[in-house]
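Presented below is the structure to which this report refers.
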Amino acid sequence: MGVTDPAGPVMDRDEVDRALARLGAEHEAIETSLLALQDHAGRRLLEGAELTGTTRERWVSADASITLLWAYFDAYTDALRSAREIRSRRRWSSREDLVELTELLRGESVTVAGSATAAANAPTLLSAAGRLTERFSLETLVDRMNELYATSLDMVVTADAVWSALPARIDLLAAELQRTRTLAHSVGVRPGEHPSGDDLERITRILTRLRADVVSDPLAFWVPAQGSSAPGGGRPDTGAYDRQARALEEVRREIDAVLTVRQDAEARLITLRDVLSRADRTLAEARTARGEVLAKIAATEVPVVSGPPTALQEQLATAAEYRRTAQWHRLSPLLESLEQKAEDELLRARESLTAVTAPLAVRAELRGRLDAYKAKVARHGLAEDPFLIERYDAARRMLWSAPCDLRVAEQAVLRYQQAAAEALGAPRVPQQSGPEDRRGPGA
């Protein structure tokens with residue numbers, strides 16, 4: 001092995017046989033990979049699709065790379081066939097054969113002629129710009145083919161992964177969207193008449209555009225995996241799809257609410273009428289009570305009682321009309337608003353009645369306190385005390401006369417209470433500014 005040539009030391013027969021076996025195994029592996037790439041569903045789809053954007057740019061480059069890959073492989077195949085033919089001439093190769101084999105197996109003996117299109121579109125494929133031929137050693141050629149294969153496969157696998165994931169999901173969502181639109185139309189949720197109808201139209205437009213974009217530019221919907229060098233490392237970007245799926249779910253919930261209104265509308269309308277009727281009766285009672293208070297209680301500010309809420313009655317009539325004409329999408333928000341307003345109106349009516357009847361409650365409390373002290377005095381044997389009788393009669397006349405001055409009557413009750421306390425030997429009852437002490441004589 002002392003003799004050398006530009007390829008290095010001349011290989012012996014065993015080295016040649018081992019090199020041919022290794023190169024033959026690599027040839028089979030490369031051929032299998034290239035055939036798999038050629039038959040890959042993603043590559044066939046890319047060939048037949050009308051591509052745009054990033055995908056179109058990368059496919060032009062990847063397609064040129066695949067073309068060049070086959071040119072490299074053909075050159076590799078020819079070089080390997082030539083080497084095998086030289087080795088098969090003799091069982092014991094001559095020195096001239098070994099020199100030739102060494103040059104073929106280790107030297108830059110493979111010349112690849114590439115097309116101008118491949119050279120222009122496949123990046124970093126040729127070592128010098130403008131060169132349409134390049135010389136390689138078989139080992140260098142294998143490395144170059146591996147590099148081109150990895151980049152081409154990554155592009156094909158990525159596009160195929162997006163096409164496999166997103167269009168089918170978009171189609172399923174579009175089918176659900178169509179069913180939702182049919183249901184929405186049946187309950188009156190239509191574009192221009194209800195916000196959810198407008199939302200359905202918007203989702204339809206977005207899904208149609210999204211599917212077209214995914215089909216023509218799948219690489220725009222790919223998120224590469226950080227730090228991954230494997231072909232197809234990453235995942236489809238489903239963000240735009242997910243947003244429309246959530247929007248459709250919100251619309252479905254709104255339509256479900258409308259359907260619930262359609263089923264429960266009559267019961268809710270009956271309940272509303274009952275609540276408003278109770279509010280009207282309470283207000284009528286408050287107005288009657290106000291007249292009684294004005295007639296029986298003197299020197300008291302009695303709040304004015306408002307009339308029945310005609311606006312709510314008009315809205316209730318509108319709700320009934322919506323139900324009759326099956327305008328469920330309009331009935332739903334109107335019922336929700338009316339239910340709250342009706343409850344508020346009933347509460348207001350009750351508060352009005354309480355405020356109007358407050359003087360009568362005070363008078364009743366004073367009467368109860370007066371009679372309680374009278375009973376207490378009687379239990380202690382002082383029922384015939386002239387002074388207590390006088391005080392009691394004075395207070396009673398004021399409380400049972402009309403109109404009753406509550407302030408004067410309260411003072412009369414207080415005076416009787418003080419006189420009773422003194423007669424019973426109890427501490428004197430302190431002066432009070434109002435009818436706050438309503439605990440009775442047993443306090």
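Going through region 4-75, which GluC sites (Glu not before Pro) have at most 14 other Cβ atoms within 10 Å and a DSSP loop state?
In loop regions of region 4-75 (DSSP not H, G, I, E or B), the sparsely surrounded GluC sites (Glu not before Pro) are Glu50.
Is it possible to state the helix-based mean residue ellipticity at 222 nm for the chain, with each DSSP H run of 4+ residues giving -39500 (n - 2.57), the sum divided by total residues, to the nearest 500 deg cm²/dmol? What is it?
-25500 deg cm²/dmol, from helical runs alone.
If you take the beta carbon distance between Glu57 and Arg95 as r and set R0 to 60 Å, what does 1/(1 + (r/R0)^6) give as a FRET efficiency, to the nearest 0.05?
Working from the Cβ atoms, E equals 0.65.
May I ask you to list the chymotrypsin sites (Phe, Trp or Tyr not before Pro) in region 64-112 that are in a DSSP loop and have at most 14 other Cβ atoms within 10 Å of their Cβ?
Trp92
Please identify every one of the trypsin sites (Lys or Arg not before Pro) in region 46-98 that sits in a loop by DSSP and has no more than 10 other beta carbons within 10 Å of its own beta carbon.
Arg89, Arg90, Arg91
Nearest 20 debye, what's the magnitude of the dipole of region 177-326 about its Cα centre given +1 on Lys and Arg Cβ and -1 on Asp and Glu Cβ?
Around 240 debye, computed over region 177-326.
Report the extension gain between Arg202 and Ala225 in nm, rounded to one decimal, defined as 0.36 nm multiplied by the number of residues separating them, less their alpha carbon distance. Can you show the working numbers first?
Numbers: separation 23, 0.36 × 23 = 8.28 nm, distance 3.22 nm.
Gain on stretching Arg202 to Ala225: 5.1 nm.
Taking the Cα centre of the chain as the origin and placing charges on Cβ (Lys, Arg +1; Asp, Glu -1), which of Ala423, Leu141, Ala279 is farthest toward the positive end of the dipole?
My answer, from the dipole projection, is Ala423.
At q = 0.13 Å⁻¹, what is the base-10 log of I(q)/I(0) for the chain according to the Debye formula with one equal point scatterer per Cα and no solvent? Please give it to two decimals.
Taken in order of the listed q values, log10 I(q)/I(0) reads -1.12.
Determine the share of region 149-230's accessible area contributed by carbon and sulfur atoms, expressed in whole percent, with a 1.4 angstrom probe.
Exposed carbon and sulfur together represent 57 percent of the surface.
Roughly what % antiparallel, to the nearest 5, for the DSSP beta bridges in the chain?
80
Heavy atoms only, probe 1.4 Å: what % of the accessible area of region 54-116 goes to carbon and sulfur, would you let me know?
Taking all protein chains in place, region 54-116 shows 47 percent carbon and sulfur surface.
So, R0 is 45 Å and r is the distance between the beta-carbons of Leu35 and Glu176; what FRET efficiency does that work out to, to 0.05?
Details: r = 41 Å, r/R0 = 0.90.
Efficiency at R0 = 45 Å is approximately 0.65.
Charges only on Cβ, +1 for Lys and Arg, -1 for Asp and Glu: so what's the dipole of region 169-256 about the Cα centre, in debye to the nearest 20?
Roughly 140 debye for region 169-256.
For the pair Ser306/Leu183, report the inter-label distance in nm, with labels modelled 7 Å from Cα in the Cβ direction.
Each label point lies 7 Å from its Cα, and together they span 4.1 nm.
Subtract the Cα-Cα distance of Glu193 and Glu384 from 0.36 nm times their separation in residues, and report this length gain in nm to one decimal.
That pair, Glu193 and Glu384, stretches by 60.5 nm at full extension.
State in Å² the accessible area per residue of region 223-279; use a 1.4 Å probe, count heavy atoms of protein chains only, and round to the nearest integer. Please list the in-between numbers first.
Details: 3160 Å² over 57 residues.
Per-residue accessible area for region 223-279 comes out at 56 Å².
Can you tell me the dipole magnitude for the chain around its Cα centre, using point charges on the Cβ only (Lys, Arg +1; Asp, Glu -1), in Debye to the nearest 20? Display every interim value, and only then the final one.
Values: 59 positive and 67 negative charges, 549 e Å.
In total the dipole reaches around 2640 debye.
Within the set of other residues whose C-beta is less than 15 Å from the C-beta of Arg246, count the net charge using Lys and Arg as +1 and Asp and Glu as -1.
With Lys, Arg at +1 and Asp, Glu at -1, the neighbours total -1.
Of the listed peptides 328-340, 34-46, what is their order by residue-averaged count of other C-beta atoms within 10 Å, with the highest listed first?
The most tightly packed comes first, giving 328-340, 34-46.
What distance in nm separates the simple spin-label points at Asp14 and Asp143, each placed 7 Å from Cα in the Cβ direction?
2.8
Could you compute the FRET efficiency for Glu321 and Thr288, with r as their C-beta to C-beta distance and R0 at 41 Å, rounded to 0.05?
For R0 = 41 Å, the calculated efficiency reads 0.80.
I'd like to know which of Gln263, Thr288, Leu248 lies farthest towards the positive end of the charge dipole of region 199-306, counting +1 on Cβ of Lys and Arg and -1 on Cβ of Asp and Glu.
So the residue furthest toward the plus end is Thr288.
Quick check: residue separation of Val408 and Arg243 times 0.36 nm, minus the Cα distance between them. What number comes out in nm?
Computed gain between Val408 and Arg243 is 52.0 nm.
The values are calculated or read from the model by the stated rules, or taken from the named source; none is laboratory data. Worth saying up front: this structure is predicted, and the values here are computed from it rather than measured. Reconstructed Cβ throughout: ideal geometry from the backbone, glycine too, with neighbour counts over all protein chains shown. Heads up: the accessible areas ignore ligands, DNA and RNA and are worked out on the full protein's heavy atoms, side chains in. Shrake-Rupley method; radii C 1.70, N 1.55, O 1.52, S 1.80 Å.
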